[in-house]
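Inspection log for the structure reproduced underneath, given as C-alpha cells.
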Amino acid sequence: MIRTMLHLLPTDHRSRVITYTVLVLASAVLRAAGTVVLVPLIAALVGATPAGALPWLGWFTGLTVAGWLVDWVASRRGFDLGFALLDHAQHAVADQLARIRLGWFTAAHTSTARQAVAATGPDLVGLVANLLTPLAGAVLLPFAIALGLLVVDPVLGAAALVGVPILLATLWSSGRLTRNADRESDASNGRLTARVVEFARTQQALRAARRVTPARSAAGAALGDQHRATLRMVLMQVPGQVLFSVASQLCLLLLGGTTVWLAVTGRVGVGEAIALVVVIVRYLEPVTTLSELSPALEHTRGTLRDIRAVLDAPVQPAGTDAAPVPATPRIELHEVGFGWTRDAPVLDGLSLDLAPGSSTAIVGPSGSGKSTLLALLAGLVIPTSGRIVVGGRDMATVTPEVRRAAVSMVGQHPYLFDGSIEDNVRVGRPEAGPDEVTAAFALARVDEIVDRVPDGRATRAGEAGASLSGGERQRVSIARALLKPAPVLLIDEATSALDAENEAAVVRAIADDPLPRTRVIVTHRLSTMAAVDRVVFLERGRIVEDGPPEVLRIAGGRFADFWQQQRASAGWQVTGA
C-alpha cells in the first residue's frame, strides 16, 4: 500500500514525505515520553512531599503541548500530501485509460477501472492524515512506551517489548483471515454495479423478453453473489476479532501481573504501581485503535490495488515519430496478423495496398475480420505480426498524437455524450468555426434533425444518445467524423440504421466530402459498394477477391454471390395470408 501511494505522489513531493515521516516519529516519541513521565509525577503526588510533583508536572505539560503542535503540523502535511495524491492519481488514471490496449477491457477489468476512477475522490485526500497518521501512531506508540518503561524498570520494559510483536502479529493474522473475503466482496460489488447499470440500460430488451424482475436477470444473480460474499466477509471477521481480543487480554495480564509483582517485591512503590496501571492502559489503547482501523485499512488497500491495476495495465506502444501523416496517404498492410487469442487468429498474413485518395469497401460474411481490420487501421489495436504503413510511416513508430490525428472513424455502434447535438459533432474538432460545423451538419443531413427539434443544435442527445433514434445517432457520428480533418476516413457499417433515402444521402455526403482523404468502408449495403473505387472481399481473415465492384460482380465469384444475396434480401416483404 505504501509503495503504491509513493508511486502515485509527484516526484517533487518525496521530500515532503520525509518531513511527514519525521513528524510522525517525533509525535510518537513525545507522546510516549509524556506517558512515562506520569510514573514519577503520580509517585510524587502520593508520596511524602507532593510539591516534588511540580517539576514533573512541568515536563508533562511541555511534552503534551509539544505533541499537540507536532500533531497539528503533521496533520497539515498529511492533507497537503493527500491533495497531491488526489490530483496526481486522477490525472494518472485518466491518462492511463487512454493508453491501455482495448483487449485489456474485459468485464472484470472494466469493473476494476470503474472502481479506480470512483476511488480518486475525497478518500484519497484523507488517506494520509486520517488513516496513515493514526496507523503509524498506533504502531509506534506502544513500542516507544515500552522503550520508556525500560528506564522505569527493565523487567516491565522487557515485558512491554515482548507484547508489541505479539499484538501486531495477532492483528496481522486477523487481517489475513478477512483479506480474501474482502477481495471477494469487492469483486462481487464491482460485478453487481456493472449488472445494475446493464439492467437499467437494457430495460427495453428485458421487458420484451419478460425478464424485467431483477430475480430473473443477471442483476439478480449478481445481487445474490454480493449478498453471499458480504455474509462471508462478516463471518470471517469474527475469528480475527476473537484472536485479537485474546491477545490483548494476555498482554494486559502479562503487564498487570508484572506490575503487581514489582509492587509486592518492593521494586516500585504504591504510587508508581498506580501510575504504571495508567501507562499500561495507554500502551494498549493505540493497538485497539489499530484494530478499529483495520476495515478502513483493507478498503484503502483494495482501492490502491485497483488504481495500481489500471496503472500497470498493458498500453499501446508509443513511437517517437511526430511528423504528421500527409493528406490522402497510401495505406499499406504487410503480412498483417491479429487475434484476440493466440489460438484463434482473426486476420492471417493479410497484405493490402490502398492508393492515395481512393475509396475501398471491405466486404465479407460475419466474422471475416472486417471490423478488426478497421480497428487495426485506426490504431485501436496493434497487429500481432506484420506492419501497417500510412503515408510512408510505420504506425508502430509514430506518436499516439499523430496516430489519432491521422484517422477519423465512424463506428458500427456510435456513442454520443450527454450534451447538445452540436457539442457531440464538435468532438471531432472542437476549434472548428461555425461555417465548418454547418457544412458537416449539411453533409450528414443532421440539419434535418435540428430543424425539427425545439432547441435546434442545443438539443441534448442524452446519455449514449438515448433521446435520438439509431439513424439519428449515426448521422450525428458521421458529421463528427467528417468535421475532423483527418487524412484517413474509416467507416464501419455507418448506414446500417438508416432508411434508403437517408442512406443514399449519406453515401453522397461521404463522396462529396471536400477534404481529400483515403477512405475505407465496411459495408453490406449495395449502394455503398457501388459507389467505391474498389472492393476487398474478406473470408476467414484472408482476401479472397479484390478489384472494382463492377468487375467482381461480373466475374461470378464470392462477391457476385454476396451481391445477389444482398439484392434478394433487400426485396423481402412481409405479406399477409
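Values in this text are rule-based calculations from the coordinates and carry no lab data. Remember, predicted model here, so these are calculated numbers, not experimental data. Methodologically, a virtual Cβ is constructed for each residue, glycine included, from the backbone with ideal geometry; neighbour enumeration extends over all protein chains shown.
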> Taking neighbour Cβ counts within 10 Å as the exposure measure, how do E550, E539 sort from fewest upward?
Replying inline: E550, E539
> Which of the listed residues, T523, A511, A442, is farthest toward the dipole's positive end in the stretch 331-569, when Lys, Arg count +1 and Asp, Glu count -1 at the beta-carbon?
Replying inline: T523
> Roughly how many debye, to the nearest 20, is the charge dipole of the stretch 331-569 about its Cα centre, given +1 on each Lys and Arg Cβ, -1 on each Asp and Glu Cβ, and no other charges?
Replying inline: 320 debye
> Given P365, P317, G339, which one lies farthest toward the positive end of the charge dipole of the stretch 317-382, if we put +1 on the Cβ of every Lys and Arg and -1 on the Cβ of every Asp and Glu?
Replying inline: P365
> Given a Förster radius of 45 Å and the C-beta distance between D546 and R114 as r, what FRET efficiency does 1/(1 + (r/R0)^6) yield to the nearest 0.05?
Replying inline: 0.55
> Which FRET efficiency value, to the nearest 0.05, do you get for V155 and E285 by plugging their Cβ-Cβ distance into 1/(1 + (r/R0)^6) with R0 = 25 Å?
Replying inline: 0.65
>> Cβ neighbours within 10 Å, averaged per peptide: list 157-164, 322-329 in order, most packed at the top.
In response: 157-164, 322-329
> If you bin the C-alpha pair distances of the stretch 331-569 every 10 Å from 0, what whole percents do you get?
Replying inline: 8, 32, 34, 21, 5, 0
> Using the 10 angstrom Cβ neighbour count as an exposure proxy, how do Y283, Y415, Y20 rank, fewest first?
Replying inline: Y415, Y20, Y283
> Going by how many other Cβ atoms sit within 10 Å of their own, how do E545, E463, E272 line up, fewest first?
Replying inline: E463, E545, E272
>> Quick check: residue separation of A344 and A169 times 0.36 nm, minus the Cα distance between them. What number comes out in nm?
In response: 58.1 nm
> Roughly how many nanometres apart are two label points built 7 Å out from the Cα toward the Cβ at D321 and A309?
Replying inline: 3.7 nm
> Using Cα pairs under 8 angstrom and six or more residues apart, how large is the relative contact order of the stretch 331-569, in percent?
Replying inline: 26 percent
